[in-house]
Structures are given as structure tokens and as C-alpha cells.
1. Check segment 59-74 and report whether any residue there is touching a Pro at 6+ places or on another chain (Cβ under 6 Å), surrounded by 10 or more Cβ atoms within 10 Å (Cβ to Cβ) and either assigned by TED's automatic domain parsing to the domain that holds Leu30 or not acidic (Asp, Glu) (or both).
2. Find the residue count for segment 13-43, including only residues that are loosely packed, with under 10 Cβ neighbours inside 10 Å and modelled with pLDDT of 85 or more.
Amino acid sequence: MLRIMDVARTLRQEREIAREQFNREEARALLRERLKASTEITGSHVTEEEIDAAIESYFNNLHTFHDPPWGVQVFLANLYVRRVQVLIIGIITLVLITGLWLLAGRES
């Protein structure tokens, strides 16, 4: 019975978290309040339009992806992701080179 209650409590908490995350209007209002409070604490003079523009920019760039800069780590990660294809190409290349070597040995 305790496990069932634990699962129910966890599901309710996760549902509330998801509801908060997907309710953009509430998130905007909360973010606006926090920004206003932080500007009052720091003594900055920011207009409502600037706060709204900052919030809009935040939500527009919230879920964007940029490719990582190319480097050795990215190259190795790409090799790991494509390890099966690399292995198959390596085996085919090895078979072709061995076949050519055997053909060259017979002609001599």
C-alpha cells in the first residue's frame, strides 16, 4: 500500500512539474516578476518593453540546437556512432586488398 501511495505522489509531482513547464503564460508572468525584482535589487532602470523583449528572446532561443565546433572529440564521437559502417568498410577494404595481393602473387 505504501508503494502505491509513493507512486501516486511521484506521479502527481511530475504532473505538476510538467504543467508548470508547459504553461508558457504562467512561466512568462513568473519570469517577469523575477526580472522586475532583480532590477529593483540591482538598481537597474529597465522598461516593461525591455523586459518583454528579453523574455521573448529567451523563449525563442529556449530549444535551439547548434552543431558543436569540429574537433578530435567530435570526430571520434562520429566514428563511434558509425562504428558498424566503419567496420564493414574496413572488412570490405581488407578483402579487396587481400584479393589483389593474391592475384598479384599468382601472376608472378
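1. Taking every residue of segment 59-74 in turn, at least one turns out to be touching a Pro at 6+ places or on another chain (Cβ under 6 Å), surrounded by 10 or more Cβ atoms within 10 Å (Cβ to Cβ) and either assigned by TED's automatic domain parsing to the domain that holds Leu30 or not acidic (Asp, Glu) (or both).
2. Adding up the residues that qualify gives 3.
The values are calculated or read from the model by the stated rules, or taken from the named source; none is laboratory data. All figures in this text were calculated on a predicted structure; none of them were measured in a lab. Glycine gets a Cβ as well: all are built from the backbone with ideal geometry, and neighbour counts include every protein chain shown.
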